[in-house]
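Heads up: the structure comes next, in structure tokens.
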Amino acid sequence: MKTLKITLLFCLISVLSFAEVSPEQKAALTDLYNATNGETWNHRWDLEQPVSNWYGITLEDENVVAINLSFNGLKGSLSESISNFTHLKVLNLSFNNLEGELPSTVVNLSNLEVLKLFSNSFSGAIPTDIGNLTNLKSLELFNNDFFGQIPSSIGNLTKLENLILSSNQLMGKLPSSLSNLKVLKVLSVFDNNLIGAIPSSIGELTQLEELVLSNNAFYGNLPGVLVELKSLKTLLLSNNQFKGNYAVLKENLPNIVDFDLDEANLKGALVTLDSEED
């Protein structure tokens, strides 16, 4: 009888050790592995082992809260089952070879705080309802092939500190809803196909430390409201069609370290933008 009890105890421990996450979350992890050629990853998963042993996975209270698989040789696309990670806070799949559109269900990850998908080959539009991710603090999608407009719903991400969309194929204007991002520290959209004037409401982003707009088709006068961004350390505006005196602007930004100049912007004056936002 004693031997039987010990055997049952070990069986129970074994079952519990493998039941670390819900079947839905484990199935989503398996989908991710299979859809991105897991057998060729730099750090492969042994699907027979407990999820807690899988590379790049962080668990809390039997839930997947972080997936960090950067530089891991992922190839393929993401599946809709990614929405099963209802407790996920960090999704970092940067520096891989992922492609295709983002699954529409990614906007259901309501607890997500960090989304890093940069340096892949993702394409398609940024989901229009990306603003559903209201807990997001960092959205980094640079070095991909995203196209279309920057969704206006991005203004719903009021906890956002880093918004880095550079080196894609985005077009259209900067949405005026960006002014809602009061804690934003980094806004980088260089090397896209963006057009239009800078929304005057950008002067409300008083926490900005980096504003990078270079290599687009922005035009119009440099807005005087830029002098309100006293926390700026980096301001890159070159290779656009702005008018105004960059040198005067620099004099009014005491913390600037990185600053670029176009030859055409060494004279003239800063002016208040005409309303040309959306």
Test result for Leu115, assigned to a loop (DSSP other than H, G, I, E, B), buried (at least 16 other Cβ atoms within 10 Å of the Cβ) and modelled with pLDDT of 95 or more: no
Selection status of Phe18, modelled with pLDDT under 95 and aromatic (Phe, Trp, Tyr): yes
Taking Ser83 and the conditions (1) out of contact with any helix residue (DSSP H, G or I) (no Cβ under 9 Å at 6 or more places or on another chain); (2) open to solvent by less than 50 Å² (accessible area, probe 1.4 Å); (3) not in a strand (DSSP E or B), which numbered condition does it fall short on, given that it satisfies the others? (1)
Which number in (1) under 28 Å from Gln241 (Cα atoms); (2) under 13 Å from the mean Cα position of the chain (by Cα); (3) open to solvent by 60 Å² or more (accessible area, probe 1.4 Å) marks the one condition that Leu139 misses? (3)
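Condition test on Val271, is it surrounded by fewer than 21 Cβ atoms within 10 Å (Cβ to Cβ), farther than 25 Å from Ala125 by Cβ and at pLDDT 80 or above?
Numbers: surrounded by fewer than 21 Cβ atoms within 10 Å (Cβ to Cβ): yes; farther than 25 Å from Ala125 by Cβ: yes; at pLDDT 80 or above: no.
Considered against the rule, which asks whether it is surrounded by fewer than 21 Cβ atoms within 10 Å (Cβ to Cβ), farther than 25 Å from Ala125 by Cβ and at pLDDT 80 or above, Val271 comes out as no.
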Give me the pairs, please: first residue somewhere in the range 247-259 and assigned to a loop (DSSP other than H, G, I, E, B), second residue anywhere and open to solvent by 80 Å² or more (accessible area, probe 1.4 Å), beta-carbon distance under 8 Å, and either six or more positions apart or on two chains. Leu253/Lys230; Pro254/Lys230; Asn255/Lys230; Asn255/Lys233; Ile256/Lys233; Ile256/Lys250; Val257/Lys233
Matching strands (runs of 3 or more DSSP E) fully within the range 126-217 where at least 3 residues are under 22 Å from Ser110 (Cα atoms): 138-140, 162-164
Going residue by residue through the range 252-265, is there one that turns out to be touching a helix residue (DSSP H, G or I) at 6+ places or on another chain (Cβ under 8 Å) and modelled with pLDDT of 90 or more? no
Hits in the range 200-219 - residues which are surrounded by 21 or more Cβ atoms within 10 Å (Cβ to Cβ) and in contact with a Pro (Cβ under 8 Å, 6 or more places away or on another chain): Ile202
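The values are calculated or read from the model by the stated rules, or taken from the named source; none is laboratory data. As the structure is a computational prediction, the values presented were derived from the model and not from experiment. Quick reminder, even Gly has a Cβ in these numbers, built from the backbone with ideal geometry, and neighbours come from all protein chains shown. Only protein heavy atoms, including side chains, enter the accessible area calculation; ligands, DNA and RNA are left aside. Shrake-Rupley method; radii C 1.70, N 1.55, O 1.52, S 1.80 Å.
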